[in-house]
1. What pairs come up if the first residue lies in the range 267-288 and is free of Cβ contacts under 8 Å to residues at least 60 places away in the same chain, the second is open to solvent by 50 Å² or more (accessible area, probe 1.4 Å), and their beta carbons are under 6 Å apart, counting only those six or more places apart or on different chains?
2. Quick one: which residue in D220, D227, D205 is assigned to a strand (DSSP E or B) and not hydrophobic (A, V, I, L, M, F, W, C)?
3. Scan A311, A282, A260 and give me the residue that is surrounded by fewer than 23 Cβ atoms within 10 Å (Cβ to Cβ), closer than 30 Å to H95 by Cβ, out of contact with any His (no Cβ under 8 Å at 6 or more places or on another chain) and not basic (K, R).
4. Scan (1) in a loop (DSSP other than H, G, I, E, B); (2) modelled with pLDDT under 95 for the single condition M374 breaks and write down its number.
5. Any idea how many residues of the range 329-379 are closer than 17 Å to E293 by Cβ and either more than 17 Å from the chain's Cα centre (by Cα) or buried (at least 21 other Cβ atoms within 10 Å of the Cβ) (or both)?
6. Can you find a residue in the range 172-185 that is assigned to a loop (DSSP other than H, G, I, E, B), charged (D, E, K, R) and within 21 Å of E246 (Cα to Cα)?
7. Out of the residues in the range 181-213 that are in contact with a Lys or Arg (Cβ under 6 Å, 6 or more places away or on another chain) and closer than 27 Å to K45 by Cα, which is most open to solvent (accessible area, probe 1.4 Å)?
Amino acid sequence: MSQHVERHIDPVEEEAFLDAIDRWLEREVRPVIMHHDHNDIWPEKLVGQMQEMGLFGATIDQAYGGLGLPAKTYAKIITKISSYWMAITGIVNSHLIMAAAVERFGTEAQKQQWLPKFASGEIRGGLALTEPDAGTDLQGIRTTAVRDGDHYVINGTKTWITNGVQGSCFALLVKTDPKAEPRYKGMSIFIAPKAEGFTVSKKFDKLGYKAIDSAELVFDNYRIPADNLIGGVEGEGFFQATGGLELGRINVAARGVGLAEGSLRLATEYAQIRKTMGKPIAQHQAIQLKLGEMVTRAKAAQLLVANAAQAYDRGERCDMEAGMAKFFASEAAVRNSEEAMRIFGGYSYSKEYEIERFYRDALLMCIGEGTNEMQRMIIAKQWLKRNPV
């Protein structure tokens with residue numbers, strides 16, 4: 001892996017980029033969210049616009065055609081988008097975790113071959129880790145890759161894979177040595193483009209996170225060149241996967257902040273318009289108590305995300321910081337969306353109002369990229385390591 005170089009962005013340039021995101025959200029995204037969400041329709045036009053803006057190369061180094069944004073700026077972008085529609089950020093995030101695995105751990109030849117096409121969005125995809133019997137416990141995967149000359153033959157099933165239908169390439173976690181002890185030493189990651197033997201078996205119908213394809217992928221004697229083994233050495237996959245998940249957890253945390261802020265925005269607007277007993281409900285103490293907690297939660301979550309992103313940008317180990325941000329921000333999203341539902345009262349249960357989508361989408365943040373139960377264990381273990389007696 002190449003030596004880490006800390007990334008920076010000029011504040012004026014960052015502000016201009018965020019302003020462009022604001023204009024895009026207002027002009028292109030907001031008018032179509034309900035149509036896509038309620039009908040579970042993939043937002044092809046918006047994906048094309050994200051490609052034009054360079055978002056599929058947001059965190060990929062400029063040397064490979066990406067924007068080379070620091071994680072802190074990327075998190076701000078994801079927060080902004082998620083404050084209106086969280087789901088579309090998943091299209092970019094899963095793709096960029098795949099790219100990060102190649103950029104951080106791949107050979108130079110792999111970087112030259114794949115990263116420019118990832119950055120341009122010519123090839124889009126995601127991360128294929130989860131299996132029917134293995135989610136947070138990655139070491140429990142059963143998909144195998146057996147060496148056969150200059151190729152590997154892969155068999156197994158992956159599930160809940162974002163971009164599974166629309167994506168064309170995935171960072172695929174497999175067992176190259178199923179008998180290895182400890183188990184993590186037998187795991188490897190391949191750059192796996194769709195080809196013969198690689199099929200999409202089904203697309204899941206979900207409570208929230210609509211319009212984004214979460215699918216089951218099946219590998220049946222899928223042959224892949226040995227050159228597609230990330231880093232070129234077997235047995236490194238577990239650490240490559242968990243390293244990429246740091247960026248993923250920062251992203252999910254940023255999504256949580258966006259959902260918390262979006263719920264707060266909707267509740268703030270509604271509370272000043274809706275009247276009971278002759279005055280806006282925002283003037284009732286019960287509503288003020290809710291708003292006071294909501295704004296504090298959103299701000300605290302935002303600061304935790306910024307802290308984790310800065311650690312990531314410095315090249316430091318940040319599983320504790322990313323875990324704290326992911327845990328707190330996702331819970332803040334759920335709590336703020338629930339409190340906003342209560343402020344909206346009966347109208348919150350109507351699909352004519354946006355707030356019910358925030359509630360449906362927020363719950364996923366507590367589960368995705370490692371459950372919050374697991375996050376608390378990671379936080380505690382790292383805290384104890386850093387504070388021995």
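The values are calculated or read from the model by the stated rules, or taken from the named source; none is laboratory data. These numbers were taken from a predicted model, which means no experiment stands behind them. Here Cβ is always computed from backbone atoms with ideal geometry, including for glycine, and neighbour counts include all displayed protein chains. Surface accessibility is based on the protein's heavy atoms, side chains included, excluding ligands, DNA and RNA. Shrake-Rupley method; radii C 1.70, N 1.55, O 1.52, S 1.80 Å.
1. As it stands, the answer is P280/Q272; A282/Q272, since those pairs meet every condition given.
2. D220
3. Step by step, each of A311, A282, A260 is checked, and only A311 is surrounded by fewer than 23 Cβ atoms within 10 Å (Cβ to Cβ), closer than 30 Å to H95 by Cβ, out of contact with any His (no Cβ under 8 Å at 6 or more places or on another chain) and not basic (K, R).
4. Result: M374 passes all but (1).
5. 19
6. Checking the range 172-185: not a single residue is assigned to a loop (DSSP other than H, G, I, E, B), charged (D, E, K, R) and within 21 Å of E246 (Cα to Cα).
7. Per the stated criteria, the residue is L207.
Conditions tested, residue by residue: (1) in contact with a helix residue (DSSP H, G or I) (Cβ under 9 Å, 6 or more places away or on another chain); (2) acidic (D, E).
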site	(1), (2)
G106	yes, no
W114	yes, no
P132	no, no
T143	no, no
D150	yes, yes
K158	no, no
